[in-house]
Each structure stands twice: as C-alpha cells, then as structure tokens.
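Chemist: Before we start, here is the structure in question, set down as structure tokens.
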Amino acid sequence: MLRYLTAGESHGRGCFAILDGFPAGLHIQPDDINFWLAERQKGYGRGGRQRIEKDEVDMLAGVRGGYTLGGPILMAVWNRDFKNWTDAMDPWKPSTGPRAVKVVQPRPGHADLVGAIKYEQDDCRNILERASARETSARVAAGALCRKLLAEFGVDLAGHVIQIGPVIAKTDKVPSQDIRKLSMKSQVRCCDKEAGANMVAVIKDCKRKKDSVGGVVETRVWGLPLGLGTFTQWDRKLDARIAQAMMSIQAVKGVEVGIGFRGANRFGSKYHDEIIREEKARVGGKYRRLTNNLGGTEGSMSTGEDMIVRVAKKPISTLMKPLRTVNIETLEPALAVLERSDTCAVPALAIIVEASIAIVLAEFFIEKFGGDTVAEMKRNFDSYVAETNKR
Ligand code: EPS
C-alpha cells in the first residue's frame, strides 16, 4: 500500500514528504523531481516569495545509487526564506524579533480563525504556517516519483489552466499530448493564446486593485489500463479517491470528473459514451468509447480512455485591501492581517493537481499490480494487459 505524509511550516526549515510502500528499482535522478518543483514555482501572479525560493529536493532516505530501495522515501525541500525567520520560527525559544508580532486578525477564508479556536492558540501564526500552500512543494516532490513510476507503464499526464476569474479558455479540442508543450509557452499555463493574454490582464488588474483571483485547472491522463479502482466499495473507487486528493489541496473548492457539473443539464442519450470495438490491441483493451464525457471512468474504474479532471480554486484569502474581521485579542472589529502573498496561484495549481493525481494513480497501480519491485509490477501488468486484450 502506498501512503504519503507531509510535514513542515511555510517559513520553517523546510517542507518534507515521506512516501511509504513505494516499489524498489525505480531509476530516479534529482532533475526528475527538481523540474516539477521549478514548474510549481512559476506562473504570472505569484508574489515576492518565489524570488527568494529555488526549490530543490534533498533526498534523505530510501534511494541509493539512483534507484529506489523499497523502503520509506524521505525528501526535503528546504526553505531559503527560513534564514529571515530563524527567530520567529525557532522551535525552542519564544520569538523576540520583529516577526514575533502575533497574528490576531484572522483572514476570512483562511484557516486562521477556526484553527486558532480549535487548537487553543492566541496567535494565528501557529495555524497559518502549516495551512499555507507552501506545503504543496512536498506533494509535488512525492508526485514526481509517482509520475516516473507511471511512465514505466506508458501513463502520462498534463495539466493546464482553463479559467482565471471571468476568462475561460477554449481548449476542448487540444489533444492531451499537446497540453504540456502549449501550456509551457504561456505565463499562466494556458493553451489558448488569446485567453492566456486576457488572464494575464485580469491578474494585473486584480493586483492593482489589491484583490486576488481564482480559477479552474484541467488535468488529462492518458495510457491508463482499464480497471483501476473498483465499484465494490466506497473507499476504493477511483473517482472517490481522486476527488478526496483534489479537495485536500489548499484553496480547492470543487472537483469534476469528465463533464461533471456541466453535464447535469443533458439527457442520458447525450451524455453516455457509446461503445465500439477497435481490434488494434491497446493498453485500455479493445473496447473504445465514441466520446469521453465520463472522463475516463465508468463505475469508478478506469476505462482506458483519457482521464479528465477539473479542479476549481477559490481566490487566495490574503487580500492587500483586507476584509473585515474580528481581533481575537480585543474582540473588536478589525481588518484582516496583511501578509505577503500571491495575487493568483492558479498556474501553480495545475502542477500540484498533476502531482496529486499521479500519487493516487500510483497508489492504484501498486494496489493492482503490486509487488516489491518495479520489475515485478511490470510482469503483473503485462499479464493483466495480455488477458484484458483477449476480451
Ligand atoms: C502562501 C503565501 C505566500 C506564498 C506561499 C503560500 O508565501 P509568503 O507568505 O512567504 O509570501 O508564496 O506559497 C509558497 C511559499 C509556495 O512556495 O507556494 C499562503 O499563505 O498560503
């Protein structure tokens, strides 16, 4: 069973991921991880923090000579900004420096208020440090290993931005395999040039107005075998596990597989993907769908068609023109704390979603083709594909 956990505070020593249950024998090099860490940092709309950080993985356990060992893998992404916060984030001594100032004006929409009450804190910094999306650097590191594992089985995935604020991109006709190339050319990771330019304008205007803006990203996965996941139990359904992983990403408020919410106004005849036979054997078996409205799953199992997942992110809750709140010390009306932040982090979300989907799919791969080594998984995979292709 593949499991992962992360640890770390936004301005603490670093972000850490521990990945347990990963098979032995996967060849991995620093660039396989660092590439994605760098991609996550990009995107128009980010704030000053990304000029300080240059995220790189420090492999602390579980990899030797460029191969995974089969034991727990521990990775660190050290925070360069920590040097400016050593006093404020000191694990042993109460802070006395300029950053010791308590955060007592919780931001609407952030974890600040509920967290402070629930964890019996009078300083929201004790909450916001861990609630910060800086944590996603650890997820992206974990996801990088998982996507490398999936690549061994011919599975690949790419995410892109399809909406920022009111600007919606036209990308339905873009083939999945072209998404990476096209989105990499865009400052906002959008494959539609015109929409991308409008998205940049929206973010620029938003920053000028001291506001923040959210959006929607889409990820497509191709090369999946049919039959990952199961209809038999709620917690082993593929869609369910994907949705849970998506909703665990900071600021995510919605998830859709296939045409999801958009399809709710259609009748069944215009919704379901009609089935044909295609004799040329492929990873997904010889049955194909004429359309892909269901986004690659039926009965919460992969069909072999491209998996399509959309995720909606709310605007960042730190506003440079702060919203009304209550000072938790004086209990008087106040304005929310002003923290350095991003205007828009939707382009980064595309990379975080990809990584999170890769982790879930790797979990399902290990569950279905499981073994102690990648070679063993491949033998199991090949035998399964050979069997399904006979049908
Ligand atoms: C974040 C606030 C900003 C973001 C941060 C998430 O950080 P800071 O408060 O240091 O300016 O840049 O994201 C990252 C550091 C990152 O690497 O993604 C927040 O409040 O969630």
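The values are calculated or read from the model by the stated rules, or taken from the named source; none is laboratory data. All figures in this text were calculated on a predicted structure; none of them were measured in a lab. Methodologically, a virtual Cβ is constructed for each residue, glycine included, from the backbone with ideal geometry; neighbour enumeration extends over all protein chains shown.
Chemist: Of the conditions (1) within 26 Å of Thr325 (Cα to Cα); (2) crowded, with 23+ Cβ neighbours inside 10 Å, Cys190 fails just one. Which one is it?
Modeler: (1) is the only condition that Cys190 fails.
Chemist: Report whether or not Val255 is within 16 Å of the ligand (Cβ to nearest atom) and either assigned to a strand (DSSP E or B) or touching a residue at least 60 places away in the same chain (Cβ under 8 Å) (or both).
Modeler: No; evaluated as a whole, the condition is false for this residue.
Chemist: Let me ask something else. Examine the stretch 359-381 for a residue that is touching a Gly at 6+ places or on another chain (Cβ under 8 Å) and closer than 30 Å to Arg51 by Cβ, and state whether such a residue exists.
Modeler: yes
Chemist: Filter the stretch 237-280 for residues that are in contact with a Ser or Thr (Cβ under 9 Å, 6 or more places away or on another chain) and among the β-branched types (Val, Ile, Thr); which is nearest to Ala348 (Cα to Cα)?
Modeler: Ile249
Chemist: Something else about it: Among the residues of the stretch 305-323, is there at least one that is among the polar types (S, T, N, Q) and more than 16 Å from the ligand (Cβ to nearest atom)?
Modeler: No, every residue in the stretch 305-323 fails to be among the polar types (S, T, N, Q) and more than 16 Å from the ligand (Cβ to nearest atom).
Chemist: Now for a separate question. Among residues belonging to the stretch 40-62 that are in a helix (DSSP H, G or I) and surrounded by fewer than 20 Cβ atoms within 10 Å (Cβ to Cβ), point out the one that is farthest from the ligand (Cβ to nearest atom).
Modeler: Looking at the filtered set, the residue picked out is Arg51.
Chemist: Need at least 3 residues that are touching a residue at least 12 places away in the same chain (Cβ under 8 Å), closer than 30 Å to His27 by Cα and within 16 Å of the ligand (Cβ to nearest atom) per element, so show me which helices (runs of 4 or more DSSP H) inside the stretch 87-164 make the cut, counting only ones lying wholly within it.
Modeler: Filter on the stretch 87-164 gives 136-151.
Chemist: Continuing with this model, one more query. Which residue, of Val221, Val255, Val213, is touching a Pro at 6+ places or on another chain (Cβ under 8 Å) and of a type in the set (Val, Ile, Thr)?
Modeler: On inspection, the qualifying residue turns out to be Val213.
Chemist: Among (1) assigned to a helix (DSSP H, G or I); (2) touching a residue at least 12 places away in the same chain (Cβ under 8 Å); (3) of a type in the set (D, E, K, R), which single condition is Lys83 missing?
Modeler: Condition not satisfied by Lys83: (2).
Chemist: Among the numbered criteria (1) surrounded by fewer than 19 Cβ atoms within 10 Å (Cβ to Cβ); (2) at pLDDT 95 or above, which single criterion is violated by Ile33?
Modeler: The single condition Ile33 does not satisfy is (1).
Chemist: Among (1) within 16 Å of the ligand (Cβ to nearest atom); (2) out of contact with any helix residue (DSSP H, G or I) (no Cβ under 7 Å at 6 or more places or on another chain), where does Lys270 come up short?
Modeler: (1)
Chemist: Regarding Ile73, is this residue under 26 Å from Arg180 (Cβ atoms), more than 15 Å from the ligand (Cβ to nearest atom) and not hydroxyl-bearing (Ser, Thr, Tyr)?
Modeler: In short, yes.
Chemist: Still on this structure, I have one more. Give the residue that is farthest from Ile242 (Cα to Cα), with candidates limited to residues of the stretch 333-363 that are among the small types (Gly, Ala, Ser) and away from the ligand (no atom under 11 Å from the Cβ).
Modeler: Out of the qualifying residues, it is Ala334.
Chemist: Another question about this same structure. Can you go through Val161, Val167, Val103, Val114 and tell me which one is crowded, with 16+ Cβ neighbours inside 10 Å and either at pLDDT below 95 or under 25 Å from Gly8 (Cβ atoms) (or both)?
Modeler: Of Val161, Val167, Val103, Val114, the one residue that is crowded, with 16+ Cβ neighbours inside 10 Å and either at pLDDT below 95 or under 25 Å from Gly8 (Cβ atoms) (or both) is Val103.
Chemist: Picking from Ile308, Ile328, Ile316, which residue would you name as being modelled with pLDDT of 95 or more, surrounded by 20 or more Cβ atoms within 10 Å (Cβ to Cβ), touching a Gly at 6+ places or on another chain (Cβ under 9 Å) and over 30 Å from Gly154 (Cα atoms)?
Modeler: Being modelled with pLDDT of 95 or more, surrounded by 20 or more Cβ atoms within 10 Å (Cβ to Cβ), touching a Gly at 6+ places or on another chain (Cβ under 9 Å) and over 30 Å from Gly154 (Cα atoms) holds for just one of Ile308, Ile328, Ile316, which is Ile316.
Chemist: Working only within the stretch 205-220, note down all residues that are assigned to a helix (DSSP H, G or I) and either without any contact (Cβ under 8 Å) to a residue 40 or more places away in the chain or crowded, with 22+ Cβ neighbours inside 10 Å (or both).
Modeler: Asp205, Arg208
Chemist: Among residues belonging to the stretch 233-274 that are over 19 Å from Ala362 (Cα atoms) and acidic (Asp, Glu), point out the one that is farthest from the chain's Cα centre (by Cα).
Modeler: Among them, the one singled out is Glu274.
Chemist: So, one more: Residue by residue through the stretch 258-288, note down the ones that are assigned to a loop (DSSP other than H, G, I, E, B) and on the phi > 0 side of the Ramachandran plot.
Modeler: Scanning the stretch 258-288 gives Gly258, Gly285.
Chemist: Would you call Asp32 part of a helix (DSSP H, G or I) and more than 13 Å from the ligand (Cβ to nearest atom)?
Modeler: yes
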